[in-house]
Amino acid sequence: MNERNYYYPSEVLLELNAMRDRAELTDVVLEVEGRSFPCHRAVLASCSPYFRTMFTSGYAEAKQEKVKIQDVGEVAMATILDYTYTGRLQTEPDQVQAVMSAARLLQVDFVGRQAAEYMKDHLDVSNCADVLMYADMLANSDLVEASKRYMASRFNQVAQQPSFLQLSLPLLQSLLDREDLMTNSEDNVVQAALRWIKSDQKERLQHLPALSKSFRHSFISPKQLAEIETKCLPTDSKVTYSKSTDQRLGHVRTEMQIFLQEDFLGHDSQQSAPCHDPSTGELYSMNMPNNLDSFSVTATPDDELYLAGGLLAKKDDLPGMTIRQKKFYQFNHLLNTWEPRCEMISPRVRCGLVYLKGYIYAIGGDNAKESAERYDPSCDEWTSIPAIPQTMSSEICAVTLDDSIYVVSKEGCYCFSTTENKWN
């Protein structure tokens, strides 16, 4: 007879975890920040080379009943032990870095890789510089590259963040030297570098000649060149610039007509929408989020595209239902992909989605067809704003003028004043 019980590994883990909870047959206690974790040496050693070395070599900890673990937080230790005994990794977003650091120390590779992947998937304008510095500290080259690539694709926004000013000189130089850095003016690159210097001028002014080697001289305005010269110290060597004669991505843009109507969307695994270049007559394809329709799209004056809400399009799996979505995306022009951002507070379908003076507003389209919220791209966060005074039972049209948003439906027209934060 040759039979295999495929449930056996999971059943063993389940029982070992139950024994850990009961402190049954445990033979070591890990002390972390004053908290005690009864464990089984064999289980720890099977998951972590760090513990295997500790318990099988001639270290004093091999015979101690209690082992104090340094440089690991209590929550991170609990997370890793839960993974060790269950095979399931679960943690809060604000603990991901701590868990990744602990996994690196304890050599739990799967946890470290998954934490890095989570951070890659959740990069935003407000956190990407912090993630880059953290990844550089850990020498995680994949996460470093992902962070730099994201920062390059959103350079103008990233450069305004306080964390940008905390970058080290080598990290800043490596970012400014990237060929995929997207900005509509070389002056923006220069100004970002000068802001970095100004934040600690006494220490950083000496680095201006080094940074200027990343500036592409041919595309800097005369006024900006003059400002660079005034910043140089008398003892500085002559300022030299990058030898590159290539324009940055974003300096030259192609005007495109983008068709996002549902009629154009396919129903395969990768939906797409056609784009047309009127100057050449060429057609291009824009990838769309999978399995989503009835969404809303808006554009900013800087040609950033945002997509919100919609219906889950996998109707085969849910006969007779559709499901409203909270999803919110920003389009990455370089990669032709929609990147997820902070989800909306309420799920919405065909909501009024508009941009006005630095914020994006999502209005109606929810179950009550009257709530509204506002998105701040600088911190990737939604906040509620006053609801429309009357339920809008039909599809709405939302437009902006001056400081106000006008919402029109068959029930009538309402105006939201962003300065007074109220509807009329």
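The values are calculated or read from the model by the stated rules, or taken from the named source; none is laboratory data. Bear in mind that the values here come from a model prediction, so they are computed numbers and not experimental data. Using ideal geometry, Cβ is built from the backbone for each residue, glycine included, and neighbour counts are taken over all protein chains shown.
Summed over segment 173-199, the residues that are assigned to a helix (DSSP H, G or I) and farther than 16 Å from residue 145 by Cβ give a count of 13.
Report yes if residue 190 is free of Cβ contacts under 8 Å to residues at least 40 places away in the same chain, among the aliphatic types (A, V, I, L, M), surrounded by 14 or more Cβ atoms within 10 Å (Cβ to Cβ) and not assigned by TED's automatic domain parsing to the domain that holds residue 156, otherwise no. Taking the combined requirement at face value, the residue does not satisfy it.
For (1) assigned by TED's automatic domain parsing to the domain that holds residue 296; (2) in contact with a Phe, Trp or Tyr (Cβ under 8 Å, 6 or more places away or on another chain); (3) at pLDDT below 85, each residue gets a yes or a no:
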position: 317; (1), (2), (3): yes, no, yes
position: 335; (1), (2), (3): yes, no, yes
position: 339; (1), (2), (3): yes, yes, no
position: 347; (1), (2), (3): yes, no, no
position: 364; (1), (2), (3): yes, no, no
position: 368; (1), (2), (3): yes, no, yes
position: 393; (1), (2), (3): yes, no, yes
position: 400; (1), (2), (3): yes, yes, no
position: 416; (1), (2), (3): yes, yes, no
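The residues of segment 252-287 that are among the aliphatic types (A, V, I, L, M) and modelled with pLDDT under 85, listed by number, are 252, 256, 258, 260, 265, 273, 286.
When you scan segment 381-394, do you find a residue that is part of a strand (DSSP E or B), in contact (Cβ under 8 Å) with a residue 60 or more places away in the chain and either of a type outside the set (Ser, Thr, Tyr) or within 30 Å of residue 180 (Cα to Cα) (or both), even just one? No.
Based on what the data block shows, is residue 41 more than 38 Å from the chain's Cα centre (by Cα) and either of a type in the set (Lys, Arg) or farther than 25 Å from residue 9 by Cα (or both)? In short, no. Scanning segment 118-172 for residues that are surrounded by fewer than 18 Cβ atoms within 10 Å (Cβ to Cβ) and assigned to a loop (DSSP other than H, G, I, E, B), we see that the one that is modelled with the highest pLDDT is 168. State yes or no: is residue 65 in contact with a strand residue (DSSP E or B) (Cβ under 9 Å, 6 or more places away or on another chain), farther than 19 Å from residue 107 by Cβ and touching a residue at least 40 places away in the same chain (Cβ under 8 Å)? Judged against the criteria, residue 65 is not a match.
Considering 84, 91, 79, which residue is over 18 Å from residue 20 (Cα atoms) and of a type in the set (Ser, Thr, Tyr)? Step by step, each of 84, 91, 79 is checked, and only 91 is over 18 Å from residue 20 (Cα atoms) and of a type in the set (Ser, Thr, Tyr).
Is it the case that residue 356 is assigned by TED's automatic domain parsing to the domain that holds residue 415, at pLDDT 85 or above and not small (Gly, Ala, Ser)? It is true that residue 356 is assigned by TED's automatic domain parsing to the domain that holds residue 415, at pLDDT 85 or above and not small (Gly, Ala, Ser).
Can you name every residue in segment 44-102 that is part of a loop (DSSP other than H, G, I, E, B), under 22 Å from the mean Cα position of the chain (by Cα) and surrounded by 14 or more Cβ atoms within 10 Å (Cβ to Cβ)?
Hits for segment 44-102 are 89, 91.
With respect to residue 236, determine if the residue is charged (D, E, K, R), modelled with pLDDT of 75 or more, part of a loop (DSSP other than H, G, I, E, B) and surrounded by 10 or more Cβ atoms within 10 Å (Cβ to Cβ). No: the conditions fail for residue 236. There is no residue in segment 47-66 that is within 21 Å of residue 380 (Cβ to Cβ), outside the structural domain of residue 160 (by TED's automatic domain parsing) and among the small types (Gly, Ala, Ser).
Test residue 12 against the criterion of being touching a helix residue (DSSP H, G or I) at 6+ places or on another chain (Cβ under 8 Å) and either over 22 Å from residue 114 (Cα atoms) or assigned to a helix (DSSP H, G or I) (or both), and give yes or no. Against the criterion (touching a helix residue (DSSP H, G or I) at 6+ places or on another chain (Cβ under 8 Å) and either over 22 Å from residue 114 (Cα atoms) or assigned to a helix (DSSP H, G or I) (or both)), residue 12 does not qualify. Just so you know, in segment 356-380 the residues that are hydroxyl-bearing (Ser, Thr, Tyr) and part of a loop (DSSP other than H, G, I, E, B) include one that is surrounded by the most Cβ atoms within 10 Å (Cβ to Cβ), and it is 371.
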